[in-house]
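We did not get these values from a lab; they are worked out from the coordinates using the rules stated. In this text the structure is predicted, and so the values were computed from the model without any measurement. Because the Cβ atoms are built from the backbone with ideal geometry, glycine has one as well, and the counts that use them run over all protein chains shown.
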Amino acid sequence: MSSLSDKIQQLDPTRIPRHVAIIMDGNGRWAKQHGHERSFGHENGVATVRQATEIASEVGVKYLTLYTFSTENWNRPQDEVDALMNLIVVSIEQQTPDLIKNNVRLTTIGNMERMPEFASSRLRKCMEDTGHCTGLVLCLALSYSSRWEIVEACRQMAKEAVAGNLNPDDIDDSVLAAHLATADMPDPDLLIRTGGDLRVSNYLLWQIAYSELYFTPKYWPDFTKEDFVDAIADYQARERRYGKTSEQVKEEK
């Protein structure tokens with residue numbers, strides 16, 4: 001069996017996905033499988049976030065976006081929501097020194113107005129502390145859903161049009177993309193989902209129009225650095241055609 005270093009060396013450094021997005025699914029089921037409450041799974045998932053961040057930075061990924069807490073997650077039992085909010089904040093605060101050490105900049109996307117004040121203020125502090133970092137951008141999708149994001153973009157464009165600052169006839173793909181929460185990031189090249197479910201769950205719907213999708217049955221707490229590299233190797237084995245034929249793609253190389 002190849003070691004992690006061997007697997008990394010086998011990757012094509014010229015074809016590393018610039019942006020990887022992950023749906024971190026399976027924490028609760030992992031905990032149940034091990035005879036614990038759901039919170040135990042979330043706690044163990046934190047270690048996987050750290051490992052994913054480290055390996056993404058090591059292999060040269062520039063942006064890593066993690067589906068941390070969806071808009072729909074607000075509908076979960078209040079005690080689980082409270083525990084998740086506290087876990088997210090405490091974990092990020094604990095990891096901030098390592099993020100700075102590894103030149104990782106933290107950012108978020110989502111409806112932060114719905115976040116408890118204690119969580120949003122402390123997260124903003126962590127983002128400020130890593131704001132000078134120039135390496136990997138670690139983006140947490142918090143209180144996020146893609147439909148919410150697209151609706152917000154439409155509202156913003158409508159307001160600009162009413163104010164006379166935007167001609168509706170000028171609205172195209174690029175204009176809408178510029179109004180999304182991810183306007184300062186490239187679209188994901190690769191979307192990874194753990195946990196075995198084969199859906200995208202209202203996550204970056206606009207941005208993943210041409211992303212490669214990678215599904216694994218492994219629950220998030222069991223997802224290793226080796227698994228991350230395997231996902232990139234699988235990505236590199238695919239031909240990205242963007243609607244063109246294989247012959248056209250080969251001619252362009």
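Quick notes
- For a label point 7 Å along the Cα-to-beta-carbon line of E113, residues of region 62-97 with backbone N under 11 Å: none
- Ellipsoid fit via the Cα gyration tensor, region 133-196: semi-axes of 28, 14, 11 Å, each the root of five times an eigenvalue, largest first.
- Proportion of all alpha-carbon pairs of region 34-163 beyond 18 Å (%): 58 percent
- The rule of thumb for compact globular proteins, 2.2 N^0.38 Å, goes into the C-alpha radius of gyration of region 56-106 1.41 times.
- Local net charge near K101, Cβ-Cβ under 15 Å (Lys/Arg +1, Asp/Glu -1): -3
- Entries of K32/K62; K32/K125; K7/K250 with Cα pairs more than 31 Å apart: K32/K62; K32/K125
- Panel order for H19, H179, by other beta carbons found within 10 Å of each beta carbon, from fewest to most: H179, H19.
- Translational diffusion coefficient (Stokes-Einstein; Kirkwood radius from C-alpha pairs) of region 87-236 at 4 °C, 1.567 mPa s, in µm²/s: 74 µm²/s
- For region 212-253, the Stokes-Einstein estimate of translational diffusion at 25 °C and a viscosity of 0.890 mPa s comes to 200 µm²/s, using the Kirkwood hydrodynamic radius over alpha-carbon pairs.
- Exposure proxy ranking for I171, I55, based on other Cβ atoms within 10 angstrom of each Cβ and starting from the fewest, stands as I171, I55.
- Rg to Rh quotient for region 165-206, alpha carbon positions, Kirkwood Rh: 1.12
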